[in-house]
Structure formats: structure tokens, C-alpha cells
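Below is one structure; the comments refer to it alone.
The values are calculated or read from the model by the stated rules, or taken from the named source; none is laboratory data. On a predicted model such as this, the values are computed, not experimentally measured, just so you know. Here Cβ is always computed from backbone atoms with ideal geometry, including for glycine, and neighbour counts include all displayed protein chains. Accessible surface areas use protein heavy atoms only, side chains included; no ligands, DNA or RNA. Shrake-Rupley method; radii C 1.70, N 1.55, O 1.52, S 1.80 Å.
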Amino acid sequence: MTQKLLVICGTGVATSTVVMGKLKTWLDNQGLTKDVTLYQSKVAEEVNHIDDYDIVVSTTLVPDSIKEKVIDGVPLLTGINADKVYDKIKQDIETGKEKKIMLISSKKTCC
């Protein structure tokens, strides 16, 4: 199963498009393209749907109610500390894979 990675910005058009391009290239270079499905939107449309995604990257401020679930994507725009953002995303992808493997392996067969 692939993980859902959402990129959001204020309008769902400008900065999220730049970050989407960078993430696509990075995922390809990391060999992770098959593990992630990318989505793009604006904050206002996704506030009540954040839990539908495994990873959320935002280039704009988000409401306090979802801050803990969102990775700050501004460094991917500026280039300053972008490596830390990529590391966090990679960690979340790997953690998500481990969780899904544990869920699958913990299912008991019947009969």
C-alpha cells in the first residue's frame, strides 16, 4: 500500500506546486516513488480531512488544531534546512511502511 502525502498552501496553486515538483524529484531520486501517492490542495479544503493522509507538508500557516500533524514545507522553497524536511518525510514514509507491515503480519488467519 502506498502512503498518501498531501502538499498544501494557501490557495493550492503556487507554492504547493513548487514543492510538489521538488518532492516528485526527491522521491524519484530516493527510489520512493512507488511508496507514495502525492496530493495537492489548499489548507481550507483539507483542515477537516487531515487524517485521510499519512504525511502532510504545508507551505503556509495551518490552524492550531492540525499543527502537530503537519510538516513545515517552507524550507523546501527557501532551500534553508530542506535536508531536515526531506529527512522527516523519509522517516515518516519508513515508519508508515513498518506500521503497515506490522498490521499485516499481526492479522491472524482463520480456519
Collect the residues in segment 69-111 that are outside any helix (DSSP H, G or I), surrounded by 13 or more Cβ atoms within 10 Å (Cβ to Cβ) and at pLDDT below 95, keeping them in residue-number order. none
Pairs under 7 Å by beta carbon, first residue under 15 Å from Val85 (Cβ atoms) in segment 46-62, partner small (Gly, Ala, Ser), six or more apart or different chains? Val57/Gly73; Ser58/Gly73; Thr59/Ser16; Thr59/Gly73; Thr60/Gly10
Within segment 30-45, which residues are of a type in the set (Asp, Glu) and farther than 18 Å from Val85 by Cβ? Glu45
How about segment 1-39: which of its residues are assigned to a strand (DSSP E or B), open to solvent by 70 Å² or more (accessible area, probe 1.4 Å) and touching a Ser or Thr at 6+ places or on another chain (Cβ under 9 Å)? Lys4
